[in-house]
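The values are calculated or read from the model by the stated rules, or taken from the named source; none is laboratory data. Model, not experiment: these values are computed from the prediction. When we count neighbours, we look across all protein chains shown, and the Cβ atoms used for this are built from the backbone with ideal geometry, even at glycine. All accessible areas refer to the heavy atoms of the entire protein, side chains included, with ligands and DNA or RNA removed. Shrake-Rupley method; radii C 1.70, N 1.55, O 1.52, S 1.80 Å.
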Amino acid sequence: MPDYETLRLIWWAILGVLLIGFAVMDGFDLGIGATFRFTGRTDEERRALLESIEPVWEGNQVWFILGGGAVFAAWPLLYAASFSALYLAMFLVLVALILRPVGFTYRGKLAEARWRNGWDWALTVGGAVPALLFGVAFGNLFLGLPFHYDELQRPVHTGSFFALLHPFALLVGVVSLAMLVMHGNAYAAFKVGEPMSQRAAALGRGAAVVFVSAFLIAGVWVSRLEGSHLVGGADPLGPSDPLGKKVLLVTGAWLTHYRLHPWLWLLPLAAVLGAGASWWWLGARRPGRAFLASALSVAATILTAGVALFPFLMPSSTHPGHGLTIWDASSSAYTLGVMLLAVLVLMPVILAYTAWVFHVLRGRITLEEIRRHTGLY
């Protein structure tokens, strides 16, 4: 079994893999949902778009559940502090996510245009709001969250929901929303027939331009932010104690790893090039390649943020020394080791099952196929 330090690093990497898995797999669901009302202009076209994601969205949600479970089990201090600081934001995300399965189920219960139009807007909100708020949450990590620990080591949050809507956090929200709209519409262009495919390609190309522009602006902005710099006190092999380290706020600290290891700049470069390739392949009517390129961009974007924040999981803006790192927010070595064995057994099963599902559901969904099913569904 690896030592405690290595286990903590492994679980930091696993958390990153789960976030990437969620963003790539469930991200295209959210991206299609965010523009669903505009990509499909008739009831048949919207039914085709829904049929492209309804059979797979629940399986894609597994990545979200695994990510939450990993935070709860591997990083309990992070789980407790984040729910305290981001409770209302998480509640709004949950409500928006609930709109999707409810919309899938109830949209087809009645044939009236007003009924279906209302659920179409609900599905659009259910895609756009989480995509935006996930980015806002990431943006606030770079700003630091206003929390500290009291004398009993209980997390105390001193901010408000509206304080989370900082201009930088909203910019990162735009990065997230544009990224997932690009990714989702690349999938739609690949999965559904005309004319939805052509509209999705146009929307995906526009989103790619917005994503690259917002991503570059956010990168410049990050270089001017005060970031947490770990000076000492954190013991990679010691027990988790969030109050035992010294942290300073330093302008540009979030780019420290990129300055020390220039090869890491390949990550943001991959994010930009992936989006550019997706833009190109969508224009060339090669949506399958565009989808793979957008998936690369999504993964590289998350890795760019994760490397910048390392080793911090949840920095504090009011008490920098109380911010959580991978060295002082984890479960015990025994717990991390047992869960690692479970991951090694279950992850291949999940990947194999996911690959099998997409293999079975391969092929485009056309309007002709939708018209063969005229009854309520």
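For the range 222-374, rounded, prolate or oblate, judged on the Cα gyration tensor with a ≥ b ≥ c (square roots of eigenvalues), a/c < 1.5 rounded, else prolate if a/b > b/c? Oblate. The modelled label-to-label distance between residue 166 and residue 235, using points 7 Å beyond Cα along the C-beta direction, is 3.2 nm.
Ranking 353, 326, 193 by Cα position along the charge dipole of the chain, where only Lys, Arg, Asp and Glu carry charges on their C-beta atoms, puts 193 farthest toward the positive end. Relative contact order of the range 44-149: 25 percent, from C-alpha pairs under 8 Å at least 6 residues apart in sequence. Computed over protein heavy atoms with a 1.4 angstrom probe, the accessible surface ordering of 148, 359, 319, largest first, is 359, 319, 148. Nonpolar atom fraction for the chain, defined as the carbon and sulfur part of the 1.4 Å probe accessible area, stands at 71 percent.
Within the full protein context, the accessible area of residue 256 is estimated at about 40 Å² for a probe radius of 1.4 Å.
Ordered by solvent-accessible area of protein heavy atoms (1.4 Å probe), largest first, the residues 145, 99, 216 come out as 216, 99, 145.
Can you give me the relative contact order of the range 124-250 as a percent, contacts being Cα pairs under 8 Å and 6 or more apart?
22
Note on the chain: helix-only mean residue ellipticity at 222 nm, from DSSP H runs of 4+ residues weighted -39500 (n - 2.57) and normalised by residue number, equals -23500 deg cm²/dmol. Given a Förster distance of 25 angstrom, what is the FRET efficiency for residue 121 paired with residue 87, based on the Cβ-Cβ distance and rounded to 0.05? With R0 = 25 Å, the Cβ-Cβ based efficiency is 0.40. Can you give me the angle between helix 167-191 and the longest principal axis of the chain, using Cα atoms only, in degrees from 0 to 90, rounded to the nearest 10? Rounded to the nearest ten degrees, it is 40. Principal-axis analysis of the Cα atoms of the chain puts helix 87-106 at an angle of about 20° to the longest axis. Once the 1.4 Å probe is applied to the protein heavy atoms, the range 67-131 comes out at 46 Å² accessible per residue. Label positions at residue 98 and residue 80, each projected 7 Å from the Cα along the C-beta direction, are separated by 2.7 nm. The accessible area of residue 93, taken with all protein chains in place and a 1.4 Å probe, comes to roughly 20 Å². Label sites at residue 266 and residue 10, each approximated as a point 7 angstrom past Cα along Cα to Cβ, lie 2.5 nm apart. On the basis of the beta-carbon distance and an R0 of 30 Å, residue 334 and residue 151 show a calculated FRET efficiency of 0.60. A cut-off of 5 Å between modelled amide H atoms, ignoring neighbours fewer than 5 places along the same chain, links residue 310 with no other residue.
The calculated FRET efficiency for residue 158 paired with residue 280, based on their beta-carbon distance and R0 = 35 Å, is about 0.15. Helix 57-74 axis versus longest C-alpha principal axis of the chain: approximately 10°, rounded to the nearest ten.
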